[in-house]
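One structure below.
The values are calculated or read from the model by the stated rules, or taken from the named source; none is laboratory data. It should be emphasised that the depicted structure is a prediction, and the values quoted were computed from it without experimental measurement. Every residue, glycine as well, gets a Cβ built from its backbone with ideal geometry; the counts of neighbours run over all protein chains shown. Ligands, DNA and RNA are excluded from the accessible area calculation, which covers all protein heavy atoms including side chains. Shrake-Rupley method; radii C 1.70, N 1.55, O 1.52, S 1.80 Å.
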Amino acid sequence: MTARQFTAVATSIVSRTLGCRKEGSGTDPVRRNSYHEASAKAQPWRHHRHGNGNRRHWAAIKGAILGAFDRLYRSHSIDLRQARADRRAGTREDVTLAYERLHGDDRAILWYLLDRYNHLTGQLFPSYATIAAETGKSLGFVKASLARLKRFGFVNWVRRTKTKEGAEGNAGPQLEQTSNAYYFDWAEQLVTDAKSTFQNLLTIAMKKLRGDAKPVRPTGPSDPELAAALSRMSASIDHRDARVSSASS
């Protein structure tokens, strides 16, 4: 087999592999490090799932991570105000760039992702357009906000591709970009300041959650002899009441 023939065979095999980026007139350009939606790499929910399928447990986690966001955002806001004051005073030349700090409206994007998260399966893959429409933000803001949230470890994602409709039977997979698959890996990716807050808030929330399951108090005495005595006393009172009622009538 010549080198040219080998190259042709290898190219043919690779082009039929799911997730392969195939350049050419039959395939739309796709982003780097994208994986076909049917591949395991495009399904991060297999390895990142939270809440143990319990809605109340997930609600506790959701509240804790939003609290961690609020704490970090306040810290960023204080630092920004101080930097601006220093610049006005002439002791500083620049302030923190927009992409290096959280914005207040980033909370709406994070809240939406947490709310859309399927706590049973771990799946979460809304499109940019859907996030923008549901949160009332612009498409540009959504993309910038997601980048900031990722920078501080609140969310991450995997780029995905899918086979174009009507492309079945054509040579090689005809791919196009589809929505990202989002996932949360707070244990590994959340920045230190936010992680400590998240862990503290989650510990408090889980203690409260466990405290809600209070033991049911017994309706009667646990001592059999005492229970029998009280039963006889109750029967005697009922018999007396019945005699008084018949005499008065």
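At-a-glance table
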quantity: Verdict on Ala229 being at pLDDT 85 or above and either part of a helix (DSSP H, G or I) or among the β-branched types (Val, Ile, Thr) (or both); calculated: no
quantity: All positions within the range 38-54 that are more than 17 Å from Phe154 (Cβ to Cβ), open to solvent by less than 50 Å² (accessible area, probe 1.4 Å) and modelled with pLDDT under 85; calculated: Gly53
quantity: Subset of the range 131-149 [assigned to a helix (DSSP H, G or I) and either free of Cβ contacts under 8 Å to residues at least 24 places away in the same chain or aliphatic (A, V, I, L, M) (or both)]; calculated: Ile131, Ala132, Ala133, Glu134, Leu139, Gly140, Val142, Lys143, Ala144, Leu146, Ala147, Leu149
quantity: Options Gly104, Gly122: the member that is in a loop (DSSP other than H, G, I, E, B), at pLDDT below 95, open to solvent by less than 50 Å² (accessible area, probe 1.4 Å) and closer than 28 Å to Asn200 by Cβ; calculated: Gly122
quantity: Count - residues of the range 65-93 that are in contact with a helix residue (DSSP H, G or I) (Cβ under 6 Å, 6 or more places away or on another chain) and open to solvent by 60 Å² or more (accessible area, probe 1.4 Å); calculated: 2
